[in-house]
Amino acid sequence: MNPPYTFPRNFVWGFATAAPQIEGAAFEDGKGESIWDRVAHTTDRIHNHDTLDVACDHYHLYKTDFALMRKLGAKHYRLSLAWPRIYPQGRGAVNQKGVDFYHRLIDSMLAHGITPWVTMFHWDLPQALEDEGGWRVRGVAEAFATYADTIVREYGDRVKNWITLNEIVCFTRLAYGGIDKAPFTNEGEKVVNQTYHHAILCHGHGVRAVREHGGRGARVGLTDNPTVPIPLSETKEDIAAARTAFIQNNTRIFEPIFHGRYATDYLRKAGADRPIWEKGDFDLISLPTDFLGLNLYTGEFVRAGKGGRPEVVPFTPNYPCADSPWLKLVPEALYWGPRWASEIYGAKAIYITENGAGYDDQPPVNGEVLDVHRRNYVRACLKELHRAIQEKVLVKGYFLWSFMDNFEWQDGYNRRFGVVYTDFVTQKRTPKLSAQWYSRVMAENRLV
Ligand code: PNW
């Protein structure tokens, strides 16, 4: 018999990062300005006025970073490519030095025995495209199509796992709807709905590019961060209410991608704010994918209200959270998220493309960072994920966010998600307790 909490054979274990958060070299070798570079240098939106200029300096330190990853036992690694490194103006002339950098990066990864999982877009829109209207205008999809074609042609001989976009809501609603992501504008529902539409159109182009140029064995999917309703109690009524809430919460993305149309309910409610689309858009948007990536950090509790309608149970101020205030500790999301996605949309292969916890860890003491809090949360999450797998939900892999502390968007370098501690002055890496623990989990393919 297997020891308890053993994961399926061939389960994919890895780490996740994103280019703008770790690479640095923000203006080196011809890289163009991204919308995050712009807000970092010209606004007060980012904690401590931190910038992405140096970050973890992974651009220069990637070889030793891969050596450490390998030493910890990771065989899979989810990274993203910086669009403005390949196309500094978003479109037009290719920056050969940027293209070459990713050739070296991918070769080094493979030399260290690490399989790349490449996200095409992780929020670093070229500023030149934002100047044309960014996600508000359809031109973004045309530019993305060319970018996707280029990178799949360049790297497709060695990269077989592609993720089109990371977390649409974070660069549409949270970015143009007045919340907390670049470019930090506030433009109302009509614009926000249109940015979603252009994003799913780009997803479609990403899938198309992989089918056209990806070669043998290429696979592609979207990474999304759905809000995950957790039934307050596992009664029939609360489960049904949470299920309905999942559909409603994620209608803008999952309905078009899985069903090739917007839900009539959504269009009716949106009224005059509904997005504009063109003939043929949904054929592209709903091209079949090979897997669904889910970034799961937290959830919300839902119960059956009047007439069975979903009712969100608000978090009281004393509900526990990580140091990131949005990160309420709800490990159950790792059970219900995959379950809803497979039960409702028939997602066959699911990868958890991110999960982790943001805490303001203190520097190493005697070479140790004792982040028991992070280790315990991730372990609780993995127990819930294991339950989903036991119940035959087809979860094929898990990527921990993040390999090392990095640029945490509007929270700058203050908030740490890494299992490896980054000293941003010396660039010294120190594996935390959570890294030592995760290393054993990967090696033994079970929870320890
Ligand atoms: C993800 N929320 O963002 C991103 O993909 C990463 O780049 C980021 O560093 C990581 O999670 C940690 O924040 C999220 O409000 C941002 O629920 C916000 C939320 C979830 C994920």
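The values are calculated or read from the model by the stated rules, or taken from the named source; none is laboratory data. Since this is a predicted model, take the numbers as computed values, not measurements. Counting neighbours? That spans all protein chains shown, and the Cβs are built from the backbone with ideal geometry, glycine included. Note: areas computed on protein heavy atoms with side chains; ligands, DNA, RNA excluded. Shrake-Rupley method; radii C 1.70, N 1.55, O 1.52, S 1.80 Å.
General observations
- Just one of the listed residues (129, 105) is over 30 Å from residue 192 (Cα atoms), away from the ligand (no atom under 16 Å from the Cβ) and either open to solvent by less than 10 Å² (accessible area, probe 1.4 Å) or not in a loop (DSSP other than H, G, I, E, B) (or both), and it is 105.
- Residue 306 vs. criteria on the phi > 0 side of the Ramachandran plot, over 20 Å from the mean Cα position of the chain (by Cα) and not β-branched (Val, Ile, Thr): no
- Any hit, region 377-398, residues being under 17 Å from the mean Cα position of the chain (by Cα), open to solvent by 40 Å² or more (accessible area, probe 1.4 Å), away from the ligand (no atom under 16 Å from the Cβ) and at pLDDT 95 or above: yes
- Scan of region 239-251 for residues that are away from the ligand (no atom under 16 Å from the Cβ), open to solvent by 10 Å² or more (accessible area, probe 1.4 Å) and under 27 Å from the mean Cα position of the chain (by Cα), ordered by number: 239, 243, 244, 247, 248, 251
- Among the residues of region 349-389, the ones that are in contact (Cβ under 8 Å) with a residue 60 or more places away in the chain, closer than 23 Å to residue 224 by Cα and assigned to a helix (DSSP H, G or I) come to 8 in all.
- Extreme residue, nearest to residue 128 (Cα to Cα), among residues of region 50-63 that are open to solvent by 40 Å² or more (accessible area, probe 1.4 Å) and in contact (Cβ under 8 Å) with a residue 40 or more places away in the chain: 54
- Qualifying position, being of a type in the set (Val, Ile, Thr) and surrounded by fewer than 23 Cβ atoms within 10 Å (Cβ to Cβ), among 119, 150: 150
- Once region 218-238 is narrowed to residues that are among the β-branched types (Val, Ile, Thr) and within 26 Å of residue 167 (Cβ to Cβ), the residue that is farthest from the ligand (Cβ to nearest atom) is 220.
- Checking each residue in region 204-231 for being in contact with a helix residue (DSSP H, G or I) (Cβ under 7 Å, 6 or more places away or on another chain) and in a helix (DSSP H, G or I) picks out 204, 205, 206, 208, 209, 210, 213.
- Search result, residues across region 340-369 that are closer than 23 Å to residue 79 by Cα and open to solvent by less than 20 Å² (accessible area, probe 1.4 Å): 347, 349, 350, 351, 352, 353, 354, 355, 356, 357, 358
- Scanning region 251-280 for residues that are over 22 Å from residue 136 (Cβ atoms) and in contact with a helix residue (DSSP H, G or I) (Cβ under 9 Å, 6 or more places away or on another chain) gives 254, 258, 259, 260, 261, 263, 265.
- Strands (runs of 3 or more DSSP E) enclosed by region 274-331 - at least 3 residues per element that are away from the ligand (no atom under 16 Å from the Cβ) and either open to solvent by 30 Å² or more (accessible area, probe 1.4 Å) or touching a Ser or Thr at 6+ places or on another chain (Cβ under 6 Å) (or both): 310-313
- The set of residues in region 167-199 being within 15 Å of the chain's Cα centre (by Cα) and over 16 Å from residue 273 (Cβ atoms) consists of 167, 168, 169, 170, 171, 174, 181, 199.
- Pairs meeting the criteria (first residue in region 7-33 and of a type in the set (Lys, Arg), second residue assigned to a loop (DSSP other than H, G, I, E, B), beta carbons under 8 Å, at least 6 apart or on different chains) are 9/445; 31/25; 31/82; 31/88; 31/95.
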